[in-house]
Structure formats: C-alpha cells, structure tokens
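Quick notes on the structure that follows.
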Amino acid sequence: MNIKIQEPYTKSNGHTEGKKLDNSKGISRLKSKKVVWVIAAANLCVTIAMGINIVLFPVILKENHIPEFFIGFSAVIDLSAGLLIAPYLNRITNKISAIYLTTFLLFLYSILVLLIPFFINYIIWLFYMVIFGLFWFCFFTLGNTILNQYIDDKNRSLLISINTTIICVGITIGSSIVKLLGTNNYALWVICATLTLFTAIMFAISLSNIKVKISSTINQKISYYLKKRPDIFLGKFFQEYITTTVFVFMVIYGMNNGFSAENAALIVSFYTLSTIFDILIGYLSDKANRPLKHLKPIIFISTLLMFFIYIFASKYYLMLLLIFLLGISAGYVYINCNSELNSYFPKEDLVAANSCYSMSGNLGGILASLITGLLLQNLGNIGIFLPILIISSFFLFVKTTH
C-alpha cells in the first residue's frame, strides 16, 4: 500500500495550495500581536487546569475502583464528543462567533469543574466527559485557527512551537501543583474554575471584535483534506495516540509499577517539560526545507523510546529521562504537521482543515484510550508498547514527502 500525496493545485479563486500564503495582508501588526498574546495567555491558563485534570481524573476513578478499561473508556467519551462535532464546527462558526462560542464553553467548564470531584456514579461521570470533550475540542481548534489567521508564514513554525511550549508548560505547572497540594485537595478544583473563568472574561473583553475568516463558497468534506495531505493527519494521529497514552494511563502505569500517585504525576510533567526544546525545533523547521521528510525517523525513535519505557517500567529516574525524550519527538511531529497544515491550505479553509486535524488527533486519542486501557488491564505493562509498534509499522507504507 502506498498512500500518495497529491500535488498542490491552483483553485479558481486564485489561491494556490502548497505555496506560502500571505496571511498578514490587511491585518495590522498591532492587532496581530494582540491576538497572539491573548491566545498565549488563554492557553497557559486553560492548560494549567488541564494539567490538574490529567492527574486527578484517573486518580478519582481508581479510588472508586473503576478498572483501567473503563478509565480509558471515559477518555473515549471525552474525545468522541469532539470527534462528533468536528464536521459541523465550520457551519456552527458561520452562525455563531467563534469567540462567543469559546467564551460560553469556558464559562460552562468553570461551573462543572467544581462539581466533578464529588463522584456520584460512572454514568454521571461520562456525562461530564461529554461536556468537557466539547470544550477541549472547540477551545483548541478555534484557538489554533484564530492564531494561524493572524500570523504570517515566515515564522509560523516558530510561533506554533512557542504556543506549544506555553501549552505544555501549563500542563506541567498543573500537574506540579497537584504534587505540591496533594490529590485530595478541593482547592485544586477551585484553581481550575478560577483560571477558566478568567480566560472567559479575557476572551470576551479582548477578542470580541476578532473575526475568523471562513469561506462562503468552499464547504469541503473531511475526506477532501485527508486525501490532499494524508501525512499531516496520520502524523497528528500518531502524536495524539502517544500523548493520550501518557496523559490517560501514565499515572496508572506508574502506580501499577510501585510509584506513588504524586511521583507518577511527575512522569507526566517530564513529558510536557520536554517542550523547552520546542522553540528550537520550530526555529530549525522554519529554516529547513520540507521538515516533514524526517517524519518517519522521528516516529521510529518514538517507538523505540516507548519500548524502553516498557522494559524499564520500574526504574523511576530512567523513566523520567525516557518520557522527556519521548515528549521531544512528539513535539517535533506536532509542530511540523501543524505548521505544514496551516501554510498548505488557504486561509478561508483553516477552520475546516483544523477541524479535520483535531479530529485525526481525537481519533488517535480514542483508540489509545480503548486499546491501551484494554491491553494494560489484560496483558500488563506490554500494553503500553504494542499499539505504538503497530501504528509505526503502518507508516512504512505512507509517502511523507512531495
């Protein structure tokens, strides 16, 4: 099987896909800087809350005697909510301002997060996951789209890498706060609610006049984008599979191998801490010609690192090093796939293209939550590695340069 990437073509409206587009035309430099700073601040606040959630969600479920498979299934419900809304997000934002939609979801999250630690039963928990899934998907998809419409192509990879670093720093701070305050502290949920409420207010005040440009004539199906650049979306799928495996199961994996919940949370922190190299990756990618040509070697390295994480599961400090290196390789895949996506497709298509991109990631996350959870429960530690080996083997048949 050889999946071929179609060559860029010129559309009737004058846009040329695959060539660098001038996204800064008609946008004042001051306005662009304002958007970049607001999105960065919003991502930091929201991902601190996310970092807290990543640790506390599986701990709550494990304390209530929920098996690993059902812990993974709750993450599936979270991710499926985003997957279901992806094909319609373009239409929704044609009718409702992207800023207003994001602000509403931030307010809703800040209310519900105060209720979730009072575990009632698993069904209610799944209902919360649906709401949270819609929130995470819309927030990151629309935020990424807004950001990419207000930056030019010259430094796109660098700015994406800085934004990615901010996101992962937020997650690291969040998981570190859990280690500092302990997992059984309601103040953690108050922090989550306060941060997201602040972000909602910031969006409403600072970005109320921002418009996300959406094509009135192009309404392509998801399959259109997948066929045009399968390497981008498959790369995102792989990166999200690994990231979900780390975020959903690494705390449980660490606890199963004798670490405390707080020390297991630090493993997740080291994964996100690896983003200190993302800015360098972004800078070098902007200078490089076709950085996605290195996608296969990076995926091979990621698979090897996951194998060592399986082999040395009980070696705590070695685990921290391996997970740190795994985060660097995953960061490379995310930055370069994201940058290529937003420079390849026309500006008017970015909401739909980014929805497809996010959907590819959510699908990877869903399968990670189901398959890894099932394998860990039934096969033990090797369940953390086998799925990554199978996915990376599939990449042997994907053409990643054009």
key: Residue count, segment 176-206 (criterion: at pLDDT below 80 and surrounded by 21 or more Cβ atoms within 10 Å (Cβ to Cβ))   = 1
inquiry  = For segment 351-392, give me the residue count where each residue is more than 16 Å from TYR334 (Cα to Cα), touching a residue at least 60 places away in the same chain (Cβ under 8 Å) and polar (S, T, N, Q).
reply    = 4
task = Find the residue count for segment 72-85, including only residues that are touching a residue at least 40 places away in the same chain (Cβ under 8 Å), hydrophobic (A, V, I, L, M, F, W, C) and surrounded by fewer than 24 Cβ atoms within 10 Å (Cβ to Cβ).
result = 5
task = Can you tell me which residue within segment 333-386, out of those that are over 15 Å from the mean Cα position of the chain (by Cα) and among the β-branched types (Val, Ile, Thr), is farthest from ILE96 (Cα to Cα)?
result = ILE382
request  = Looking only at segment 252-268, count how many residues are acidic (Asp, Glu) and surrounded by 24 or more Cβ atoms within 10 Å (Cβ to Cβ).
outcome  = 0
inquiry  = Looking only at segment 53-67, count every residue that is in a helix (DSSP H, G or I) and either more than 18 Å from the chain's Cα centre (by Cα) or closer than 22 Å to ASN144 by Cα (or both) and tell me the total.
reply    = 9
remark   = When ILE166 is run through (1) hydrophobic (A, V, I, L, M, F, W, C); (2) without any contact (Cβ under 8 Å) to a residue 12 or more places away in the chain; (3) in a helix (DSSP H, G or I); (4) more than 19 Å from ASP349 (Cβ to Cβ), the failure sits at (2)
task = Would you check which residues across segment 88-131 are in contact with a helix residue (DSSP H, G or I) (Cβ under 7 Å, 6 or more places away or on another chain), small (Gly, Ala, Ser) and either surrounded by fewer than 20 Cβ atoms within 10 Å (Cβ to Cβ) or at pLDDT 85 or above (or both) and list them?
result = SER110
note = Among residues of segment 146-175 being under 11 Å from ALA49 (Cα atoms) and either aromatic (Phe, Trp, Tyr) or at pLDDT 85 or above (or both), the residue surrounded by the most Cβ atoms within 10 Å (Cβ to Cβ) is GLY174
query = Got a number for residues in segment 86-106 being free of Cβ contacts under 8 Å to residues at least 12 places away in the same chain and of a type in the set (A, V, I, L, M)?
reply = 2
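The values are calculated or read from the model by the stated rules, or taken from the named source; none is laboratory data. Predicted, not measured: the structure shown is a model, and the values here were computed from it. Glycine also receives a Cβ, built like all others from the backbone with ideal geometry; neighbour counts cover every protein chain displayed.
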